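S.K.: Supplied in structure tokens, the structure appears directly below.
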Amino acid sequence: MSNETTRARIALVTGGNRGIGLATALRLRESGLTVIAATRSGEAPEGLEAVRLDVSSPESIDAGFADVEARFGTVDVLVANAGITRDGLLMRMPDEDIDVVLQTNLAGSIRLARRALRGMLKARSGRIVFVSSVVWAAGSAGQVNYAASKAGLVGAARSLAREVGSRGITVNVVAPGFVETDMTAELGEDRRGEILKGIPLGRYAQPAEIAQVVDFLASAAYVTGAVIPVDGGLGMGH
Ligand code: NAP
């Protein structure tokens, strides 16, 4: 067998330095993949390989991928996880908060997928996973920018799934509910209590519970264009 057929699959996880991204990177590594954490600082967390990559910059995406391809080879699994919030009521939302959220969460993920396809199309296989959110369908007051970016990922994934399915590439979405990370640590106790009431499982998720589903999608060959809720039932029916 050639090296090409025996090498471990390569996974690139954006925002792999903390929260859901770090948990996903560690989980994929446990599953035997070579994992590269794409981070803004370029620093490698917890013994993982790393590449400097800012998803809001097209140049940085290109340079990051070129670096990974030169050091490791084609990216087999892309997890577009990096994301931000800039919450506030729309009436008072500055342009900057609309732009930066759409640019980072939506345009960044689409550009990452486009760049990943170069190698995946040649290899005639690949797995792309977008990390969306339960709010993509349910909506969330104070998160018009964020919910729009997360809903956009679903349209993007399903369109791309149709474009590249015949090449053995799957494109799926994971839609987490509320997960214990820095992102939700910002919420006040009242808001946390309110949210908890709507979660049938009665608790927030741990990052590893989202990672488990991303790991499944990284190996599943006959699932594409799917949106998988990982939300303790919060978004049921949407
Ligand atoms: P987090 O703890 O706030 O971490 C966000 C990650 O994204 C960090 O690694 C951050 O890097 C990275 N990031 C932000 N902007 C970036 C950029 N321009 N370029 C590269 N990396 C960037 O968030 P999290 O809770 O793990 O969320 C991860 C994903 O899950 C996000 O897409 C989020 O929208 C989604 N999600 C989270 C929840 C939740 O309850 N936590 C629920 C649904 C969906 P730095 O360390 O450099 O800032």
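The values are calculated or read from the model by the stated rules, or taken from the named source; none is laboratory data. Please read all numbers here as calculations on a predicted model, not as lab measurements. Ideal geometry is used to build each Cβ from the backbone, glycine not excepted, and the neighbour counts take in all protein chains shown. The accessibility values were calculated without ligands, DNA or RNA, using every heavy atom of the protein model including side chains. Shrake-Rupley method; radii C 1.70, N 1.55, O 1.52, S 1.80 Å.
S.K.: Working only within region 157-212, note down all residues that are charged (D, E, K, R), touching a Ser or Thr at 6+ places or on another chain (Cβ under 9 Å) and outside any helix (DSSP H, G or I).
M.R.: Result: Glu186, single match.
S.K.: So which of Gly155, Gly168, Gly119 is farther than 28 Å from Glu194 by Cα and within 15 Å of the chain's Cα centre (by Cα)?
M.R.: Criteria check complete, one pass: Gly155.
S.K.: Right, another one. Please enumerate the residues belonging to region 70-86 that are open to solvent by 60 Å² or more (accessible area, probe 1.4 Å) and in contact with a helix residue (DSSP H, G or I) (Cβ under 7 Å, 6 or more places away or on another chain).
M.R.: Arg86 - this is the single residue of region 70-86 that is open to solvent by 60 Å² or more (accessible area, probe 1.4 Å) and in contact with a helix residue (DSSP H, G or I) (Cβ under 7 Å, 6 or more places away or on another chain).
S.K.: Now a separate question. Restricting attention to region 165-186, and to residues there that are among the hydrophobic types (A, V, I, L, M, F, W, C) and within 9 Å of the ligand (Cβ to nearest atom), which single residue is nearest to Val101 (Cα to Cα)?
M.R.: The extreme case among them is Met183.
S.K.: If you don't mind, another one. Would you confirm whether or not region 72-79 contains a residue that is over 18 Å from Arg118 (Cα atoms) and more than 10 Å from the ligand (Cβ to nearest atom)?
M.R.: no
S.K.: Kindly provide the set of residues from region 7-62 that are within 9 Å of the ligand (Cβ to nearest atom), β-branched (Val, Ile, Thr) and open to solvent by 20 Å² or more (accessible area, probe 1.4 Å), ordered by number.
M.R.: Selection gives Ile20 alone.
S.K.: Another question about this same structure. Would you mind finding the one in Glu163, Glu209, Glu180 that is free of Cβ contacts under 8 Å to residues at least 60 places away in the same chain, among the acidic types (Asp, Glu), open to solvent by 30 Å² or more (accessible area, probe 1.4 Å) and under 25 Å from Leu117 (Cα atoms)?
M.R.: Glu163
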